[in-house]
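Visitor: Structure below; questions to follow.
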Amino acid sequence: MKKIQSNSRTTSRAKRKKTKLILFGSIGIVLILIAFVSYSIFSQNDNKAGSNKSAYASAKDSKKNDENGVKETSTTVQTIDDDSEGTAPETPEQTGAQTGAKHVTSYDRNSQDWQAMLQTISSAVGTEPSNMTVWFLGSDKSNPGGSVGTVSAKTKGSQKYRVYLVWDGSGYKATKVEPAS
C-alpha cells in the first residue's frame, strides 16, 4: 500500500514539473515575441519601418480652418504612378506637375491640382465650384493614389456628397459619387 502512494506522489510531482515547464516556456516565448515585435516597430535602422513612418506622415492630412470655418487640407503631396500603383514620394515636390512617368498630387488650395479636382467634383455633383462648400479634399486612404472630396452646395440643409477621384494620366476622373452623412 505504501508503494502505491509514493508512486502516485512521484507521478503528481512529475506532472506538476512538466506543467510548470510548459507554462514558463510559453511565457518566455511570448515575451521574446513581444520584444521582437516592439523592436521591429520602433527600430530606426530598419528602412522599411522608416519608410512606413514617412509614408504615414506624408499621407496624414494637416487641416486648417479658412475664413468660413471650413476644414481643408493644406500642402499634402502624394506621388501617383500613371498606372494607378501609387508609391510614397521620397522627397515631396510642391507642385502638381507631370514629372516623367509620375504625377504629383498637391492638396494645396492654390495649386492647379486643387482647382482641377474641384472642377471634376463640380461636374460629378452638378454644382458650380463657386456654389460649393468643400468639407474635405485629400488623399483616399482606401485607394492608394486616389483622392476623395466631400462637398455640399452652399444652400442651407443641402446634401453632402463624397466624390472619389483618380488621376487618369491627363486629368482627374470621378470614379464614385455617394451621399455623405
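This table checks each residue for (1) open to solvent by less than 80 Å² (accessible area, probe 1.4 Å); (2) of a type in the set (S, T, N, Q); (3) touching a residue at least 24 places away in the same chain (Cβ under 8 Å).
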| site | (1), (2), (3) |
| --- | --- |
| Asp140 | yes, no, yes |
| Pro144 | no, no, yes |
| Ser147 | yes, yes, yes |
| Lys156 | no, no, no |
| Val163 | yes, no, yes |
| Gly169 | yes, no, yes |
| Tyr172 | yes, no, yes |
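Visitor: Can you find even one residue in segment 80-99 that is open to solvent by less than 80 Å² (accessible area, probe 1.4 Å), at pLDDT 60 or above, out of contact with any Asp or Glu (no Cβ under 7 Å at 6 or more places or on another chain) and outside any loop (DSSP other than H, G, I, E, B)?
Guide: no
Visitor: Out of the residues in segment 124-138 meeting the condition of being under 17 Å from Glu178 (Cβ atoms) and assigned to a loop (DSSP other than H, G, I, E, B), tell me which one is most open to solvent (accessible area, probe 1.4 Å).
Guide: Looking at residues that are under 17 Å from Glu178 (Cβ atoms) and assigned to a loop (DSSP other than H, G, I, E, B), I get Gly126.
Visitor: Taking the stated definitions as given, is Thr105 open to solvent by 40 Å² or more (accessible area, probe 1.4 Å) and either in a loop (DSSP other than H, G, I, E, B) or touching a residue at least 60 places away in the same chain (Cβ under 8 Å) (or both)?
Guide: Here the answer is no, as Thr105 does not meet what is asked.
The values are calculated or read from the model by the stated rules, or taken from the named source; none is laboratory data. From a predicted model like this one, the values you see are computed outputs, not experimental measurements. Cβ: placed from backbone, ideal geometry, glycine included. Neighbour counts: every protein chain shown. Areas reflect the complete protein model, heavy atoms only, side chains present, ligands, DNA and RNA absent. Shrake-Rupley method; radii C 1.70, N 1.55, O 1.52, S 1.80 Å.
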